[in-house]
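Reading through the C-alpha cells given below for one structure.
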Amino acid sequence: MQTVAAVREFCAALPQSQETFPFGMETLVFKVGGKMYALLGIQADPLTLSLKVRPERGDELRMAHPAITPGYHLNKRHWVTLRLDGVPDELRGELLRGSHALVVRGLTRAQRTELGLA
C-alpha cells in the first residue's frame, strides 16, 4: 500500500468511509460519520499518511519507527504521520483500521446506528 490508489482501495473497503478534499487538491481526506480518520498527502514525495491513534500508541510508534512522526499540522498527541515507503504494509493496514475504529467509537450511539456501525 504505497500508492494513492492502494490507500484509496483500502479505505473504500472500510465501513461508511468517504473521500473528500476539504483542504485543497493536495490532501485526500478520508472520513467516517463526517469525522476525519486519515489524511493522505497525495503530492508528497514520498507519500505521507496521517492517522488518528491513542496517545500512548503514538509514542510507542514514533520510538519504534523513524518513518512515523507526530501528526503534520494535527494534534501531535492524537495523530501520527507515516512516510509510506518506511512503514511495513501490515502495520499501515493495522493503523488505518485502528484510526477508523477510534473515530467510529467517538461517534454518538445514534450516529453509529444511523450509519449501520452499531
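What follows is calculated from the coordinates using simple rules that are stated; it is not laboratory data. Worth saying up front: this structure is predicted, and the values here are computed from it rather than measured. Cβ sites come from the backbone with ideal geometry, for glycine too, and all protein chains shown count toward neighbours.
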(request) Pick out, in residue order, every one of the trypsin sites (Lys or Arg not before Pro) in region 25-96 that is DSSP loop and has at most 16 other C-beta atoms within 10 Å; say none if there are none. (result) Lys76, Arg77
(message) Can you tell me, using C-alpha contacts under 8 Å and at least 6 residues apart, the relative contact order of the chain as a whole percent?
(response) 23 percent
(request) Scan the chain and report its longest stretch carrying no chymotrypsin sites (Phe, Trp or Tyr not before Pro) that are both in a DSSP loop and have at most 16 other Cβ atoms within 10 Å. (result) 24-71
(message) Restricting everything to alpha-carbon atoms, can you work out Rg to Rh for the chain with a Kirkwood hydrodynamic radius?
(response) 0.95
(request) Treat each spin label as a single point 7 Å out from the Cα along the C-beta direction, and report the Thr3 to Phe21 distance in nm. (result) 1.9 nm
(request) May I ask you to derive the FRET efficiency for Glu94 and Leu74 from their Cβ-Cβ distance with R0 = 22 Å, giving the value to the nearest 0.05? (result) 0.70
(message) Give me the one-decimal nm value for the distance between modelled label points at Ala12 and Leu117, 7 Å along each residue's Cα-to-Cβ direction.
(response) 2.0 nm
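Return the calculated 222 nm mean residue ellipticity for the chain, to the nearest 500 deg cm²/dmol, obtained by summing -39500 (n - 2.57) across DSSP H runs with n ≥ 4 and dividing by the residue count.
Result for the chain: -11500 deg cm²/dmol, rounded to the nearest 500.
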(request) Pop a pseudo-label 7 angstrom from the Cα along the beta-carbon direction at both Met63 and Gln43 and give the gap in nm to one decimal. (result) 3.7 nm
